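Worksheet for the structure shown next.
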Amino acid sequence: MTETQTCRIMIVDDHDMVRMGLKTYLMLEPKFEVVAEAGSGEEALRLLEKGLPDGPPDLVLMDLMMPGMDGVETTRRVIESFPEMRIVLLTSFLEDEKVVAAVEAGAVSYVLKTVSSEELVYALNGALRGMPVMTSDVSQALTRGLRQRSAQGVDEGLTEREKEVLLLIAEGRANKEIAEELHISIKTVKTHVSNLLMKCEMEDRTQLAVYAHRKGWAKS
């Protein structure tokens, strides 16, 4: 979307007052338009699968801890059906494993409810560009969680699709070539690359390629 376009947002939270507060605040931002609300992960999926009048939202702002289907599982299910959907998880709790699980599920950012309104807007704008925006405490929790996973022998929680993208990066493929090879959009490729950089704690594509070879996943 362009800088002048309105961002269509769905709010998912099991507390009516929280949804009302978020909606009231976002209505004060000219760039944002709340087009749908859901009180649970199940309801959010039903609304998205049914389809909104003007198409799916650009971004979903969702609570992490909800009865039934929590934010992580809902994110995973939404991304399966809408791979280009941007999701920001909002929570009152900071747990290393939850942060890792959120990133694994496909959330662009994980934001504490204690952030300022300016920080929330910054995170939402970053999510629209596919750029993870996390406060220092969340980033530290993610790093700790990933290191713990690595120590336990887990491959940094990479999804099968992310591994496919990583192997193609190791072969020196550009985003356009990866998109054509995997039959996905360039925008989706960029999202996978951003997630790979975060999960593998790398700074650029070259480091990702070296990482894949070091792991023995890439062809020599």
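Longest segment of the chain with no chymotrypsin sites (Phe, Trp or Tyr not before Pro) in a DSSP loop having at most 15 other Cβ atoms within 10 Å? The longest such stretch corresponds to 94-216. Of all alpha-carbon pairs in the chain, indicate the percentage at a distance above 33 angstrom. The proportion of pairs with Cα distances above 33 Å equals 15 percent.
For the chain, with all protein chains present and a 1.4 Å probe, just round the carbon and sulfur fraction of the accessible area to a whole percent.
Of the solvent-accessible surface of the chain, carbon and sulfur hold 51 percent.
Qualifying GluC sites (Glu not before Pro) in the stretch 27-87, where qualification requires a DSSP coil assignment and no more than 14 other C-beta atoms within 10 Å, comprise Glu84.
Rounded to the nearest Hz, the phi-derived 3J(HN,Hα) couplings of the stretch 202-213 under the Karplus curve 6.51 cos²θ - 1.76 cosθ + 1.60 (θ = phi - 60°) are 10, 9, 7, 5, 4, 5, 4, 5, 4, 4, 4, 5, where x marks glycine and proline. Solvent exposure of the chain amounts to 50 Å² per residue of accessible area, where only protein heavy atoms count and the probe is 1.4 Å.
Please say if the stretch 9-91 is rounded, prolate or oblate, where rounded means a/c under 1.5 for a ≥ b ≥ c the square roots of the C-alpha gyration tensor eigenvalues, and otherwise the choice is prolate for a/b larger than b/c and oblate otherwise? Oblate shape, in that a/c is at least 1.5 and b/c is the bigger or equal ratio.
Taking only Cα atoms and a 10 Å spring cutoff, compute GNM fluctuations for the chain and point out the largest among Ser109, Ser40, Ser136. Taking springs between Cα atoms under 10 Å, the residue moving most is Ser136. Between the amide H of Val34 and those of Ile9, distances stay under 5 Å, these residues lying 5 or more places away or on another chain, with hydrogens modeled in the peptide plane. Across the stretch 23-37, computed HN-Hα scalar couplings (Karplus, 6.51 cos²θ - 1.76 cosθ + 1.60, θ = phi - 60°) run 5, 4, 5, 5, 5, 7, 9, x, 6, 9, 9, 7, 9, 7, 9 Hz from first to last residue, x flagging Gly and Pro.
To the nearest 20 debye, what charge dipole does the chain have about its Cα centre, counting +1 at the Cβ of each Lys and Arg and -1 at the Cβ of each Asp and Glu? Please report the intermediate quantities before stating the final value.
Values: 26 positive and 36 negative charges, 116 e Å.
Once rounded to the nearest 20, the dipole reads 560 debye.
Partners of Lys113 within straight-line reach, counting aspartates and glutamates whose Cα lies under 17 Å from its Cα and excluding those fewer than 8 residues away in the same chain: Asp13, Asp14, Asp16, Asp63, Asp70, Glu95, Asp96, Asp137.
For the chain, the relative contact order comes to 14 percent (Cα pairs under 8 Å, sequence separation of at least 6).
The values are calculated or read from the model by the stated rules, or taken from the named source; none is laboratory data. Since the model is a prediction, treat every value here as computed from it, not as a measurement. With ideal geometry, Cβ positions are generated from the backbone for all residues, glycine too; neighbour counts draw on all protein chains shown. Heavy atoms of the whole protein, side chains included, go into the accessibility calculation; ligands, DNA and RNA do not. Shrake-Rupley method; radii C 1.70, N 1.55, O 1.52, S 1.80 Å.
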